[in-house]
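Asker: Let me begin by handing over the structure; questions about it come next.
Quick note: the coordinates plus some simple rules give every number you see, no bench work behind them. These figures come from a predicted structure and were not determined experimentally. Neighbour counts are summed over all protein chains in view; Cβ atoms, including those assigned to glycine, are modelled from backbone coordinates with ideal geometry.
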C-alpha cells in the first residue's frame, strides 16, 4: 500500500475487512511516524519511507497507489520496473498526457493495471448498471452526476501544480466515469462544455464547476462538483432514458438520520462537518463507497487473467475529457475531446428515438387527464403535423 492518507486508510480498511484473505503486507508513507501508526493500527507487518522498497518487497504481489496525484507517474514507473501488478487511485494523471504515459508504461511492461474508481463500483451503481444493461431504460439520453462537499482533507489537493487542478480533476473524474458506464464505454465522448469558478476558497484552482459532455450517440452527461458545498458530502446520480429513469442518493441522505445534542464523536462520515444536531452516519462506509466491490473486481480479474471493469485505459479517457473541460472553462465554448487512442466503436451516430404509434403516426406523448380520459399526441408521418386524439 502506497500512502497512509485518507484514501490509503480506506483502501486498507476494505482489504482487511470481513476477514479478507487479501492483506496489506507492506505500507509506504512519506512520514515515518504516520507509517508506523497505520501499520500498528491495521496489523501490517512492515512499513517503510522508501517507495521502491515497498514495491520491491518479495511478498508484494500487487501495488496499490493511494498517493497524491503528482506521485502517480513515479510509482507506476517503479511498478513496471519491478513487474508488479498496479492499481492506481483516481484521477490516473494530472492531465491526459500524464495518464497516457502511465498507460503506455504498464502496457509496454505487460503488467496488470486497474483504475481505482470506487464510485463506479457502489452497490447501488452496479445494480443500476444491471437495470440499464437489461434495457429497462431504453436508450440512455442524459446522465447527471453530482459530488459536492466542503473540500478535500490534505494540503496537496489545494495546490493546483500537485493535484492538476481543483474540483474538476478531484471530483469530476468520478462523475465523468460514472456517466461513461451508464451511457456505454464503447460510445465515444466527442465534446465538452464547462463553467468553472473560484467562489469561496483562497486558492488558484476552481472550487465549483458544472460541465456537459456530449457523446457520439447524442447522449449528454452532466456533472456538478464543488469544494464549497456545506453540510457534508452529497453524492447523487440520475439517469434518464427513452423508457425510464434511475435516481440514486449515495451519501448525505441515505435513510440513516440521527439527532444528538451532545455529539457522536469526532468522526461521523467522510467530509461530515459536524457531529452534533442532525447528522447522517453511514452504516458501512467502505462498502457504500464501492471499495469492496472494486477490489473484488480487481483481484478476480488478476486471477482470471482478464481486464477489470476499470483499467488505466479508462483513467486515460477520463483525463482527456477533463482536459477538454478545462479548455472550455477558459474559452467559454464547446471544446473537442482529443483522444490519442480510442478502443471503442467508431460507427455510432447520433439518432433520435422515434416511437411508432401506428403505420401513419409517431407517438409524441400519452397523458392521463384528471377526468379519466387519456390524451394521445401524435405526429403524422406524411404531413409532419402534430395532432391529438382522446382515448
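Asker: Determine, from the Cβ-Cβ distance of residue 133 and residue 50 and an R0 of 41 Å, the FRET efficiency 1/(1 + (r/R0)^6), rounded to the nearest 0.05.
Answerer: 0.40
Asker: Next up: Label point 7 Å out from residue 124 along Cα-to-Cβ: which residues of the range 284-300 have amide N under 11 Å?
Answerer: Answer for this model: 288-289.
Asker: For residue 354 and residue 276, calculate 0.36 nm times their separation in residues minus their Cα-Cα distance, and state this gained length in nm to one decimal.
Answerer: Stretched fully, the residue 354-residue 276 segment lengthens by 22.8 nm.
Asker: The range 97-165 to the range 270-320: how many Å between their Cα centroids?
Answerer: 9 Å
Asker: A further question on this structure: Sorted from largest down, give the three principal axis spans of the alpha carbons of the range 120-336, whole angstrom values.
Answerer: Reported extents, whole Å, longest axis first: 53, 40, 37.
Asker: If each DSSP helix of 4+ residues adds -39,500 (n - 2.57) and the sum is divided by the residues in the chain, what number results at 222 nm, nearest 500 deg cm²/dmol?
Answerer: -9000 deg cm²/dmol
Asker: Determine by what factor the alpha-carbon radius of gyration of the range 63-182 differs from 2.2 N^0.38 Å, reporting the quotient.
Answerer: Here the answer is 1.18, to two decimals.
Asker: Continuing with the same structure: With a ≥ b ≥ c the root eigenvalues of the C-alpha gyration tensor of the range 248-391, is it rounded (a/c under 1.5), prolate (a/b larger than b/c) or oblate?
Answerer: Verdict is oblate for the range 248-391.
Asker: Pop the C-beta distance of residue 256 and residue 41 into the FRET formula with R0 = 30 Å and round what comes out to the nearest 0.05.
Answerer: 0.75
Asker: In vacuum, with every alpha carbon of the range 174-255 counted as one equal point scatterer, what does the Debye formula give for log10 I(q)/I(0) at q = 0.17, 0.19, 0.26 Å⁻¹? Two decimals, please.
Answerer: -0.81, -0.95, -1.28
Asker: With a point put 7 Å past each Cα toward its Cβ, work out how far residue 13 is from residue 242 in nm, to one decimal.
Answerer: Result for the modelled spin labels: 4.3 nm.
Asker: Something else about it: Can you tell me how much longer the chain between residue 161 and residue 379 gets when fully stretched, taken as 0.36 nm per residue apart minus their C-alpha distance, in nm with one decimal?
Answerer: Length difference between fully extended and current span is 73.0 nm.
Asker: How far apart, in nm, are two points set 7 Å out from the Cα along the Cα-to-Cβ line at residue 23 and at residue 343?
Answerer: Distance between the two pseudo-spin positions: 3.4 nm.
Asker: Going by C-beta contacts inside 10 Å, put 118, 358 in order with the fewest on the left.
Answerer: Taking fewest neighbouring Cβ atoms as first place, the list is 358, 118.
Asker: Taking the radius of gyration and the Kirkwood hydrodynamic radius from Cα positions alone, what is the Rg/Rh ratio for the chain, to two decimal places?
Answerer: 1.02
Asker: Could you give the Stokes-Einstein D for the range 1-76 in µm² per second, using the C-alpha Kirkwood radius, 25 °C, 0.890 mPa s?
Answerer: 201 µm²/s
Asker: What's the extension gain from residue 230 to residue 367 if we count 0.36 nm per residue and subtract their Cα-Cα distance?
Answerer: Here the segment from residue 230 to residue 367 would lengthen by 45.4 nm.
Asker: Here is a follow-up. How would you rank 367-377, 328-338, 103-113, 187-197, highest first, on the average number of other Cβ atoms within 10 Å across their residues?
Answerer: Order by mean packing, descending: 187-197, 103-113, 328-338, 367-377.
Asker: Which whole-angstrom value gives the distance between the alpha carbon centres of the range 334-389 and the range 188-203?
Answerer: The two parts, judged by their Cα centres, are 31 Å apart.
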